[in-house]
Amino acid sequence: MKITVCTIAYNDYGKFIPRWLKSVQSQIHPAHEIIVVLGDKHGLQEIPAGAKFIYHDQPATMGFLRNLAVDAATGDYIFFFAVDDILLGNALQEISKVNADLIALRYYHENILNVTPEIVAEKLKEWRAHYAGACGYMAFKNGLGLRYEDTDWANYPLLFQAYMKGYTFRRTKEPGAVYIQRPGGHGQQVVNHRWGYLAIEKYLLQYGLIA
């Protein structure tokens, strides 16, 4: 399986690119290609080697920037990973084990890293039971025609587009990432569960799944 790994960086998030790039280059299952889209005010002072950089120096939405990477990708699968989160070394290997049109990478939440060694095992068990099915990071087959839209909940449009077209969806068996919750980000806002439900409801309405 040839996997194109993509990310976008804007509003000073370029400072995370060296760490992100190193994590992708350190994968057990090597990436077919690495694409980074730099938006306006990305904050990257020096361009590192090992990735294809696409520049868009005008203000643009997240959906627009993501779709620039989709259009440039040549791998069998396209996998977006947030530039400020942590990609574990087994991530692409776990994705490569799954046969589906869309593949969600299970992930850990940063909170599990703050517990003592004595309770890590129990916390992981609890986390997997309740949260490991979340679709925070998605790989999808190149050529399906899936497009990102302008929303913080980037994978919802992909999931509903796939649902309407009958594409298959699976999750990886093991987690391969750590989600970092930052103040002001959509992960912080999800504490207000109604906000999350409204985001989902928007796409249910858009695709005619509810009246």
query = When you scan the stretch 16-30, how many residues do you find that are assigned to a helix (DSSP H, G or I) and in contact with an Asp or Glu (Cβ under 9 Å, 6 or more places away or on another chain)?
reply = 4
note = Residues of the stretch 83-108 being of a type outside the set (Val, Ile, Thr), closer than 11 Å to Arg170 by Cα and crowded, with 20+ Cβ neighbours inside 10 Å, in sequence order, are Leu102, Ala104, Leu105, Arg106
task = Report yes if Ile47 is touching a residue at least 60 places away in the same chain (Cβ under 8 Å), farther than 19 Å from Ala154 by Cα and exposed (fewer than 14 other Cβ atoms within 10 Å of the Cβ), otherwise no.
result = no
remark   = Within the stretch 17-38, the residues that are of a type in the set (Gly, Ala, Ser) and closer than 14 Å to Asp84 by Cβ are Ser23
key: So Ile28, is it closer than 18 Å to Ile103 by Cβ and exposed (fewer than 15 other Cβ atoms within 10 Å of the Cβ)   = yes
task = Can you confirm whether the stretch 62-79 contains a residue that is touching a helix residue (DSSP H, G or I) at 6+ places or on another chain (Cβ under 9 Å) and in a loop (DSSP other than H, G, I, E, B)?
result = no
inquiry  = Residues that are surrounded by 14 or more Cβ atoms within 10 Å (Cβ to Cβ), modelled with pLDDT of 90 or more, touching a strand residue (DSSP E or B) at 6+ places or on another chain (Cβ under 9 Å) and not in a strand (DSSP E or B): does the stretch 31-38 have at least one?
reply    = yes
task = Kindly indicate whether Tyr137 is surrounded by 17 or more Cβ atoms within 10 Å (Cβ to Cβ) and either modelled with pLDDT of 90 or more or of a type in the set (Lys, Arg) (or both).
result = no
key: Test: Val98 is touching a residue at least 12 places away in the same chain (Cβ under 8 Å) and part of a loop (DSSP other than H, G, I, E, B)   = yes
Answer from Ala60, Ala91, Ala73 - the residue that is more than 18 Å from the chain's Cα centre (by Cα), within 22 Å of Tyr156 (Cα to Cα), at pLDDT 85 or above and not acidic (Asp, Glu) = Ala60
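The values are calculated or read from the model by the stated rules, or taken from the named source; none is laboratory data. These numbers were taken from a predicted model, which means no experiment stands behind them. With ideal geometry, Cβ positions are generated from the backbone for all residues, glycine too; neighbour counts draw on all protein chains shown.
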